[in-house]
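I have placed the structure first, in the form of structure tokens, so that the comments after it can refer back to it.
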């Protein structure tokens with residue numbers, strides 16, 4: 001009972017915070033946002049590995065293995081295309097920019 | 001629940017959220033992505049350690065295979081193919097969640113009813129995402145085979161299939177002996193619903209359906225987390241679900257569609273037969289101009305100081321991004337101020353047009369969204385429309401009863417002059433005629449945008465005039 005409450009609490013808090021942060025993402029970055037979120041849905045790989053650790057037999061093991069591969073493709077591919085896209089967004093070539101280089105989030 | 005599971009969950013989900021928060025600006029978004037990668041790696045390490053799979057060759061091989069395929073896909077994909085790539089990844093995520101829940105459901109004995117319901121729901125949502133998204137990906141690639149699949153006679157039939165699927169699932173849960181038969185039936189019916197919904201969707205509605213399926217893949221992961229009693233999956237899935245939902249909502253607003261109608265499989269059924277009142281064409285304050293197309297276009301380019309370029313999906317179809325970038329540079333070399341107005345549904349997925357322009361090297365400071373650019377049009381001397389029709393159609397503000405009435409559009413008709421580089425004068429996807437084409441201020445140049453935009457640039461170069 002306590003467990004399900006903890007899970008629901010995490011789910012709710014995560015959803016509320018996500019709601020707040022996603023509003024701040026400009027439409028300029030909606031495609032990378034979506035592909036990154038896409039990669040996150042591959043978190044199912046953790047569930048699939050959990051199943052694999054239970055040592056399922058026969059057909060179950062095969063299905064679990066398929067789930068691991070599908071979710072990993074999702075994670076790696078999703079983050080990969082996001083990185084690829086975000087690298088393309090560049091600012092106007094002014095001298096000031098090229099000196100500063102890529103700005104760090106805390107700068 | 002073990003303490004370390006709670007700690008790692010909170011840490012990973014917090015990092016995912018921090019990564020999302022950093023996407024508020026293009027300067028920090030790359031770091032946002034890397035933080036998310038780091039958090040995901042931490043989650044994987046945790047799963048391997050907890051499950052004592054560190055030494056399992058099988059686990060490592062499966063992960064390596066997935067990672068290799070993912071890297072190849074990410075490496076190969078072109079920006080114009082991004083919608084189908086995202087649709088494919090959605091399908092994989094949903095499919096994985098469904099498989100995990102399916103194996104759990106079949107393998108474990110004596111599962112409590114509420115967990116069984118969650119598992120069945122996970123399989124239903126995951127399978128719907130897998131098949132719906134795969135079909136969307138195939139459709140976006142433009143495979144001819146799709147047109148051979150018969151369409152359903154109406155929206156109602158589709159909704160009935162969905163309701164039957166849900167009833168079958170509910171009945172199976174209430175009477176456990178029947179679950180063996182009813183659970184597969186429920187999953188099949190829901191999948192059929194998903195397939196027909198995606199089939200009914202037209203090309204221009206794709207941004208909505210991709211966002212929606214993205215949301216579903218998150219919901220599947222969250223449900224999978226509830227099935228597995230894993231707060232990590234539940235929290236992460238919730239983040240994805242919310243993101244997909246918000247994007248779906250903003251796409252619906254930008255396309256003038258209601259979300260329930262899209263869910264009912266309504267999205268594609270647009271009838272744009274209503275004729276426009278041709279008498280009430282606004283913006284006739286300038287007299288009809290004399291001269292050939294080239295002369296008028298050249299004059300408009302030379303005399304303008306402030307220029308707004310509005311690209312649409314037609315630009316991507318004509319592969320004219322490179323030509324557009326050169327036009328921007330030429331205009332600027334002549335001392336003109338150039339901005340680009342991007343409609344939310346200018347591409348095939350949210351934000352797609354920005355990515356296409358970033359790919360050819362247009363700096364993102366020049367890209368303005370609808371709210372930012374619309375107040376600029378009255379001050380603009382010239383708007384150049386490239387491969388866009390519905391998103392610049394002034395009828396959306398005036399023509400009641402047409403499918404686009406009320407849809408937010410870019411107000412190009414408020415600019416001094418408008419050059420339109422579209423393929424032809426046929427209406428856009430909505431089927432509503434564009435009265436802009438008939439206005440005196442409009443210089444319509446039909447043809448392949450990659451050619452016409454290049455000609456525009458050359459006209460400007462040859463004129464040698466600097467404002």
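Read the figures in this text as sums done on the coordinates, not as results from a lab. Worth saying up front: this structure is predicted, and the values here are computed from it rather than measured. Glycine gets a Cβ as well: all are built from the backbone with ideal geometry, and neighbour counts include every protein chain shown.
In the protein assembly as shown, the calculated helix contribution to ellipticity at 222 nm averages -20500 deg cm²/dmol per residue, counting -39,500 (n - 2.57) for every DSSP H run with n ≥ 4. Between residue B:292 and residue B:438, the modelled label-to-label distance comes to 2.8 nm, taking each label 7 Å out from Cα in the direction of the beta carbon. Structural descriptor for the stretch B:278-463: relative contact order 29 percent, calculated from alpha carbon pairs under 8 angstrom and at least 6 residues apart. The mean count of C-beta atoms from other chains within 10 Å of the C-beta of residues in B:104-110, rounded to a whole number, is 3.
Taking the mean number of other Cβ atoms within 10 Å as a proxy for protection, how do you rank B:230-242, B:123-135 from highest to lowest?
Values: B:230-242: 29.0, B:123-135: 26.8.
Peptide ranking by packing, descending: B:230-242, B:123-135.
Comparing the protein assembly as shown with the 2.2 N^0.38 Å rule of thumb, its C-alpha radius of gyration ratio is 1.04 (two decimals). Per residue of peptide B:251-260, the mean number of Cβ atoms on other chains within 10 Å of the residue Cβ is 0. So for chain B, averaging the separation of alpha carbon pairs under 8 Å that are six or more residues apart and normalising by length, what relative contact order in percent results? Dividing the mean separation by the residue count of chain B yields 14 percent.
What order do you get for B:258, B:227 when you list them from fewest to most C-beta neighbours inside 10 Å? Show your work: numbers first, answer last.
Values: B:258 12, B:227 26.
Least to most surrounded, the residues fall as B:258, B:227.
Taking chain B as the reference, fit the longest principal axis to its C-alpha atoms, fit the long axis of helix B:321-333 to the helix C-alpha atoms, and give the angle between the two in degrees, 0 to 90, nearest 10. Once rounded, the angle reads 50 degrees. Here the contact order of chain A, divided by its residue count and restricted to Cα pairs under 8 Å and six or more residues apart, works out to 29 percent. Counting 0.36 nm for each residue step from residue B:159 to residue B:319 and taking away their Cα separation leaves a gain of 53.7 nm.
Over all distinct Cα pairs, what is the inverse of the mean 1/r for the stretch B:81-263, reported as the Kirkwood hydrodynamic radius in Å? Please list the in-between numbers first.
Numbers: mean 1/r = 0.0603 Å⁻¹.
This gives a value of 16.6 Å.
Out of all DSSP beta bridges in the protein assembly as shown, what portion is antiparallel? Express it as a percent rounded to 5. Present the calculation step by step, with values, prior to reporting the outcome.
Working: 0 of 20 bridges.
Roughly 0 percent of the DSSP beta bridges within the protein assembly as shown come out antiparallel.
Let me make sure I get this right: for the stretch B:1-76, a, b and c are the square roots of the gyration tensor eigenvalues over alpha carbons, sorted descending. Under 1.5 in a/c it's rounded, otherwise prolate if a/b > b/c, else oblate. Which is it? Taking the square roots of the gyration eigenvalues as a ≥ b ≥ c, the stretch B:1-76 is oblate.
In summary, chain A shows an alpha-carbon radius of gyration equal to 1.50 times the 2.2 N^0.38 Å reference for compact globular proteins.
Please arrange A:62, B:196 by counting, for each residue, the other beta carbons lying within 10 Å of its beta carbon, fewest first. Don't skip to the answer; put the middle values down first.
Working: A:62 12, B:196 22.
Placing the least packed residue first, the sequence is A:62, B:196.
Counting only other chain Cβ atoms within 10 Å of each residue's Cβ, the peptide B:241-249 averages 6.
Quick check: from the Cα gyration tensor, does the stretch B:370-467 come out rounded (a/c under 1.5), prolate or oblate? List each step's numbers first, then the result.
Working: a/c = 2.45, a/b = 1.51, b/c = 1.62.
In terms of gyration-tensor shape, oblate.
Using the average count of surrounding beta-carbon atoms within 10 Å as a protection proxy, the listed peptides A:47-54, B:57-64 rank, highest first, as A:47-54, B:57-64.
Shape annotation for the stretch B:278-463: C-alpha extents along the principal axes are 44, 41, 29 Å, from largest to smallest. Can you tell me how the stretch B:48-107 classifies by the Cα gyration tensor, rounded, prolate or oblate, using a/c under 1.5 as the rounded cut? The shape class here is oblate. Listed from fewest to most Cβ neighbours within 10 Å, the set B:292, A:41, B:56, B:430 follows the order B:292, B:56, B:430, A:41.
How long are the semi-axes of the equivalent ellipsoid of chain B, taking √(5λ) for every eigenvalue λ of the Cα gyration tensor, in whole Å from largest down?
Working: eigenvalues 455, 143, 58 Å².
Whole-Å semi-axes of the equivalent ellipsoid: 48, 27, 17.
Whole Å is fine, so just give me how far the alpha carbon centre of the stretch B:337-396 lies from that of the stretch B:229-251. For the stretch B:337-396 versus the stretch B:229-251, the Cα centre distance is 29 Å.
Relative protection proxy for B:445-451, B:217-223, from highest mean packing down: B:217-223, B:445-451 (other beta-carbon atoms within 10 angstrom). Measuring between their Cα centroids, the stretch B:1-72 and the stretch A:1-38 lie 16 Å from each other.
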